Amino acid sequence: MAIKKIMVVDDSPTERAFMEGVLRKRGYDVLLVESGETAIERAKSEQPDLILMDVVMPGLNGFQATRAITREDKTKHIPVIICTTKDQETDKIWGLRQGAKDYVTKPISENDLLEKIKALG
């Protein structure tokens, strides 16, 4: 599957801007979302090719949003990469158990992120 449209889910305007810059200069279409609740709705309506999901957000956290997206019939085909400051091994295991395909810790290395996206494409 070719990855063209990527949804970035993060409550931090700084992180969203950073990720948008990295992805747009590589030619990806980018959707920016600020919350887990909105991510679930937009995943259904926009059908992105990939979701980059923060974990620590007000309301629905990234683990909960990932679980909802990867278990919903309309969105379960969309791969999720968790991008978070939570760097404990237990966090990574939990994120993958929620249905994430990969897990990246912040601060995010551009090359690391792009390699993981390429591996899913």
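Every number here is computed from the coordinates shown, using simple stated rules; none is lab data. This one's a predicted model, so the numbers in the text were calculated from it and none came from an experiment. All Cβ positions, glycine included, derive from the backbone under ideal geometry; neighbour counts span all protein chains shown.
Worth a mention:
- Using the empirical formula 2.2 N^0.38 Å as the baseline, the Cα radius of gyration of the chain reaches a ratio of 0.93.
- Peptides 50-60, 18-28 ranked from most to least packed by the mean count of surrounding Cβ atoms within 10 Å: 50-60, 18-28.
- Label-point gap, in nm, between ASN111 and LYS25 - each point 7 angstrom along Cα→Cβ: 1.5
- With R₀ fixed at 25 Å, the C-beta to C-beta distance from LYS44 to ALA17 puts the FRET efficiency at about 0.50.
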